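Here is the structure we will look at.
The values are calculated or read from the model by the stated rules, or taken from the named source; none is laboratory data. The structure displayed is predicted, hence computed values, not measured ones. Cβ sites come from the backbone with ideal geometry, for glycine too, and all protein chains shown count toward neighbours.
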């Protein structure tokens, strides 16, 4: 029986809501990607070139530390990874998460929340962090997406 995980990073709570909705409609397990050092509002100020998020996103090799790990990652066939879009891509903490596991042969599907940006070069920048995985093209969703629309998308992307 195929097993699904929804892993998410949420800086402000918006992505958490999307991930919880996706886990519900796909009957998936849920895992929060938790930074070792939580982000403050000042850290997330994208207009401040010296803010933590600006510095991290300016250095694509930066890998923020994460608390905890998915103990049974080998049991999952499909891993949805949800995050907010930062600078038109996934935050580098998503690279940290993916690089902790051997995801070869698994379907890895990205999805994101954003105030208006699309997915940009997200998968291109995540590809090297999950070698051998079947990295599926992701999609940006509004926080208000219906459960029906989310379920239909999830089913179509993991076929």
task: Name every residue in the stretch 25-50 that is free of Cβ contacts under 8 Å to residues at least 12 places away in the same chain, surrounded by fewer than 16 Cβ atoms within 10 Å (Cβ to Cβ) and touching a helix residue (DSSP H, G or I) at 6+ places or on another chain (Cβ under 7 Å), in order of residue number.
output: 48
message: Can you report the number of residues in the stretch 111-141 which are at pLDDT below 95 and part of a loop (DSSP other than H, G, I, E, B)?
response: 8
query: Given (1) in contact (Cβ under 8 Å) with a residue 12 or more places away in the chain; (2) surrounded by 16 or more Cβ atoms within 10 Å (Cβ to Cβ); (3) not in a strand (DSSP E or B), where does residue 105 come up short, assuming only one miss?
result: (2)
message: I'd like to know if the stretch 62-71 contains one or more residues that are modelled with pLDDT under 95, farther than 22 Å from residue 28 by Cα and either part of a strand (DSSP E or B) or touching a helix residue (DSSP H, G or I) at 6+ places or on another chain (Cβ under 6 Å) (or both).
response: yes
message: Of everything in the stretch 16-59, what is in contact with a strand residue (DSSP E or B) (Cβ under 7 Å, 6 or more places away or on another chain) and in a helix (DSSP H, G or I)? Give them in sequence order.
response: 16, 18, 19, 20, 22, 23, 26, 53, 57
statement: Those residues of the stretch 142-159 which are in contact with a strand residue (DSSP E or B) (Cβ under 8 Å, 6 or more places away or on another chain), surrounded by 14 or more Cβ atoms within 10 Å (Cβ to Cβ) and either in a loop (DSSP other than H, G, I, E, B) or modelled with pLDDT under 95 (or both) amount to 158
